[in-house]
Amino acid sequence: MAEAVVAGATSSAVDHVDVRVRVALQADADDLLWADAFILGTPENFGYMSGAMKYFLDRVYYSCEGKVGGRSFALFVRAGNDGSGAISSMRRILSGLGVREVQEPLLIAGEFDERRLADCEELGQALAAGLEAGVF
């Protein structure tokens, strides 16, 4: 899913948008402060976001508080159940940073459907195109 999101964000349909890709355990506050917008993705683990995503958000929260407000974000989740716990927990933390969700979360629940990878590409491309157009 993440590779498809990145492919969409870096597609030839979008110019003049720099994309930085980090896994949660390697990302830091500087990455979030650098971004004009961001997309976070996680698997659902035990009805919650992954431990790596929680650790990332814990590490960047206070360094970014009051500094990233108004920036746009989107989420994608691969869920074995319904994904609602992962989505709501990430939204709750991100709301404290004052960022704004610009697209409904992309959720792939249950059996993985390769056809949904096009939705992932569309998510990446839509956010990048919005940045390029000045919408976000």
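The values are calculated or read from the model by the stated rules, or taken from the named source; none is laboratory data. What you see is a predicted model, and the numbers here were worked out from it, not measured in a lab. When we count neighbours, we look across all protein chains shown, and the Cβ atoms used for this are built from the backbone with ideal geometry, even at glycine. SASA here: full protein model, heavy atoms, side chains in, ligands and nucleic acids out. Shrake-Rupley method; radii C 1.70, N 1.55, O 1.52, S 1.80 Å.
At-a-glance table
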quantity: Selection from the range 99-121 of residues that are assigned to a strand (DSSP E or B) and buried (at least 17 other Cβ atoms within 10 Å of the Cβ); calculated: L106, L107, I108
quantity: Of all residues making up the range 29-42, the number that are closer than 21 Å to V77 by Cα and open to solvent by 60 Å² or more (accessible area, probe 1.4 Å); calculated: 0
quantity: Complete set of residues in the range 45-61 that are open to solvent by less than 40 Å² (accessible area, probe 1.4 Å), in a helix (DSSP H, G or I) and not aliphatic (A, V, I, L, M); calculated: F56
quantity: Given (1) in contact with a Leu (Cβ under 7 Å, 6 or more places away or on another chain); (2) in contact (Cβ under 8 Å) with a residue 60 or more places away in the chain; (3) open to solvent by 60 Å² or more (accessible area, probe 1.4 Å), number of the condition E132 does not satisfy; calculated: (1)
quantity: Candidate set: the range 73-93, residues that are in a helix (DSSP H, G or I) and of a type in the set (A, V, I, L, M, F, W, C); chosen: the one surrounded by the most Cβ atoms within 10 Å (Cβ to Cβ); calculated: A86
quantity: Counted residues, the range 5-28 - those being in contact (Cβ under 8 Å) with a residue 24 or more places away in the chain and either surrounded by fewer than 20 Cβ atoms within 10 Å (Cβ to Cβ) or in a loop (DSSP other than H, G, I, E, B) (or both); calculated: 15
quantity: Matching entry among G66, G124, G70, G96 (being open to solvent by less than 20 Å² (accessible area, probe 1.4 Å), modelled with pLDDT of 95 or more and not hydroxyl-bearing (S, T, Y)); calculated: G124
